[in-house]
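What follows is a single structure, written as structure tokens, with notes after it.
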Amino acid sequence: MKVLIAEDDAHTRAGLSDILEGEGYQVLTAPNGKDALQLFTKESPDFVCLDIMMPGMSGYDVCREIRRGDPNVPVIFISAKSEEIDTVIGLELGADDFIVKPFGVKEVVARIRAVTRRRFATTAASALPTSFRLGDLDVFPSELRARRGGNAIELSLRDIKILTLLHEHRGVVISRDMFFNKCWGLDHLPNSRTLDQHIAQLRKRIEVDAKNPVIVRTVHGVGYRYDD
């Protein structure tokens, strides 16, 4: 899933990119409204994060232009402007959400996941299975959630990619390179520590006993495997 971030502050832009890339999104960035519109036209992102106060062309103006061509793509305003009227204007322009700076990582992640769920619910192009089962865990990709019994488990887009890959290749060892190619992207520089750390965190959420995993099993020196 592709996300466009339009933000004139380099530190905020980099911070948002890190958060979204960590969640498993392909991130496009623009330092101003004009560049954002050009990227939007060229790349057709799945949703857009817009700062309001940008040089040359405000986030409001960018949103208006986007809405003329695409009334459905989700738009989130991320801005230091916190007056109620700013929120109202943003929502009236068709924004799906409004995050006020300074913001916390958990808040951004929660709002991005909510928008992703809505996007999956309104498009048939997600290519995600409706649901599948791994052991006693039911996985619902379009909800970015899994369930064990009555307990819901929140998952990132990358978590979903990993679990889907394990499900599609159950009984087969998946190499580290395949994980990076399918779940991080071909342009990502492989790093075993990155994969192992992500798997370790995922196990804490989905395994009954993370120290003795039955869903994501380690195959030493090769990769990971799920067995029916």
Return the FRET efficiency for the residue pair R170, E21: r is the Cβ-Cβ distance, R0 is 35 Å, and the value is rounded to the nearest 0.05. 0.80
Need the full-extension length gain, S131 to E92, defined as separation in residues times 0.36 nm minus the C-alpha distance. One decimal, nm. 10.6 nm
Can you run phi through the Karplus equation (6.51, -1.76, 1.60; θ = phi - 60°) for segment 43-56 and list ³J(HN,Hα) in whole Hz, with x for Gly and Pro? 9, 6, x, 7, 7, 10, 10, 10, 6, 7, 8, 10, x, x
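What does the charge dipole of the chain about its Cα centre add up to, to the nearest 20 debye, if the Cβ of each Lys and Arg holds +1 and the Cβ of each Asp and Glu holds -1?
Details: 31 positive and 33 negative charges, 166 e Å.
About 800 debye.
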Using +1 at the C-beta of Lys and Arg and -1 at the C-beta of Asp and Glu, which of N212, S142, T194 has the Cα lying farthest in the positive direction of the dipole of segment 132-225? N212
Expressed as an acute angle from 0 to 90° and rounded to the nearest 10, what is the orientation of the C-alpha long axis of helix 105-122 relative to the principal long axis of the chain? 90 degrees
Packing rank of 96-103, 54-61, where each peptide gets the mean count of other beta carbons within 10 Å, highest leading: 54-61, 96-103
How tilted is helix 192-206 with respect to the longest principal axis of the chain? Cα atoms for both, answer in degrees (0 to 90, nearest 10). 80 degrees
Residues of segment 17-46 with amide N under 18 Å of the 7 Å Cα→Cβ point at Q201: 17-27
Count the lysine pairs in the chain whose Cα atoms sit under 19 Å apart, keeping only pairs 8 or more residues apart in sequence or on different chains. 9
Degrees, to the nearest 10: 10-23 long Cα axis against longest axis of the chain: 30 degrees
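Please return the longest stretch of the chain lacking exposed loop sites, where trypsin sites (Lys or Arg not before Pro) count only if DSSP places them in a loop and at most 14 other Cβ atoms lie within 10 Å. Each step should come with its number before you reach the end.
On the way: sites that count: R170, K211.
With trypsin sites (Lys or Arg not before Pro) excluded where exposed in loops, the chain gives 1-169 as its longest stretch.
For the chain, what is the calculated [θ] at 222 nm in deg cm²/dmol (nearest 500), taking -39500 (n - 2.57) for each run of four or more DSSP H residues and dividing by its residue count? Walk me through the intermediate numbers first.
On the way: 8 runs with 94 residues, N = 228.
Here the helix-only value at 222 nm equals -12500 deg cm²/dmol.
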Run through the DSSP bridge list for the chain and note the antiparallel percent, rounded to the nearest 5. 50 percent
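When a footprinting reagent is the concern and you count Cβ atoms within 10 Å, what order do V139, V109 take, fewest first?
Working: V139 24, V109 16.
By the 10 Å Cβ count, ascending, the order reads V109, V139.
Here, each number is a calculation from the coordinates, and none is a lab measurement. Since the structure is predicted, the reported quantities are computational estimates derived from the model, not experimental observations. Note: ideal-geometry Cβ built from the backbone for every residue, glycine included; neighbour counts use all protein chains shown.
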